[in-house]
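*Asks:* Pasting a structure here, questions to come.
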Amino acid sequence: MLKRLTLHWTVVRGDARRLWYALRQPSAPTWLKVGTALIVLYVLSPIDLIPDVIPVLGLMDDVVLVPLAIRFLLKRLENRA
């Protein structure tokens with residue numbers, strides 16, 4: 001179980017790095033900047049889809065939705081190139 005979590009964290013961290021490097025390019029599309037800003041706002045916002053006071057589900061929406069959103073933006077960026 002710990003190996004799977006470590007692998008998942010490594011993939012998410014790598015995706016976040018790729019997104020950061022894509023944003024730093026001068027030719028980065030506007031939709032990429034807006035999408036990244038929305039992801040950051042969702043992470044920092046106190047308003048969640050599922051409140052964090054629900055023991056397991058409250059954190060699981062952040063753990064699942066944020067990596068999926070990052071992956072979605074990267075896939076759209078790869079399809080554009």
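The values are calculated or read from the model by the stated rules, or taken from the named source; none is laboratory data. Everything quoted here is computed from the prediction, not taken from an experiment. Positions of Cβ are generated from backbone atoms using ideal geometry, with glycine treated the same way; all protein chains shown enter the neighbour counts.
*Asks:* Check off (1) at pLDDT below 85; (2) out of contact with any helix residue (DSSP H, G or I) (no Cβ under 8 Å at 6 or more places or on another chain) for Y21 and give me the number that stays unchecked.
*Replies:* (1)
*Asks:* Which ones in segment 49-70 are among the charged types (D, E, K, R) and either more than 12 Å from the chain's Cα centre (by Cα) or not in a helix (DSSP H, G or I) (or both)?
*Replies:* D52
*Asks:* Based on this model, can you work out whether I50 counts as among the β-branched types (V, I, T), touching a residue at least 24 places away in the same chain (Cβ under 8 Å) and touching a helix residue (DSSP H, G or I) at 6+ places or on another chain (Cβ under 9 Å)? Before you say what the answer is, go through the steps one by one.
*Replies:* Working: among the β-branched types (V, I, T): yes; touching a residue at least 24 places away in the same chain (Cβ under 8 Å): no; touching a helix residue (DSSP H, G or I) at 6+ places or on another chain (Cβ under 9 Å): yes.
Answer is no for this residue.
*Asks:* Kindly indicate whether any position in segment 59-73 is among the acidic types (D, E) and at pLDDT below 85.
*Replies:* Checking segment 59-73: at least one residue is among the acidic types (D, E) and at pLDDT below 85.
*Asks:* Can you list residue pairs whose Cβ atoms sit under 9 Å apart, with the first residue in segment 1-17 being closer than 21 Å to V43 by Cβ and hydroxyl-bearing (S, T, Y) and the second being at pLDDT 80 or above and surrounded by fewer than 10 Cβ atoms within 10 Å (Cβ to Cβ)? Count only pairs 6 or more apart in sequence or on different chains.
*Replies:* That search, which allows pairs on different chains as well, returns nothing.
*Asks:* Can I ask one more? Among the listed residues L44, L59, identify the single one that is surrounded by 12 or more Cβ atoms within 10 Å (Cβ to Cβ), without any contact (Cβ under 8 Å) to a residue 24 or more places away in the chain and not aromatic (F, W, Y).
*Replies:* Values: L44 fails: surrounded by 12 or more Cβ atoms within 10 Å (Cβ to Cβ).
None of the other options fit; the residue is L59.
Each row is one residue, and each column tells you yes or no for (1) more than 17 Å from the chain's Cα centre (by Cα); (2) of a type outside the set (A, V, I, L, M); (3) part of a loop (DSSP other than H, G, I, E, B).
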{"residue": "L7", "(1), (2), (3)": "no, no, no"}
{"residue": "V11", "(1), (2), (3)": "no, no, no"}
{"residue": "Y21", "(1), (2), (3)": "no, yes, no"}
{"residue": "P26", "(1), (2), (3)": "yes, yes, yes"}
{"residue": "W31", "(1), (2), (3)": "no, yes, no"}
{"residue": "V34", "(1), (2), (3)": "no, no, no"}
{"residue": "Y42", "(1), (2), (3)": "no, yes, no"}
{"residue": "I47", "(1), (2), (3)": "no, no, yes"}
{"residue": "E78", "(1), (2), (3)": "no, yes, no"}
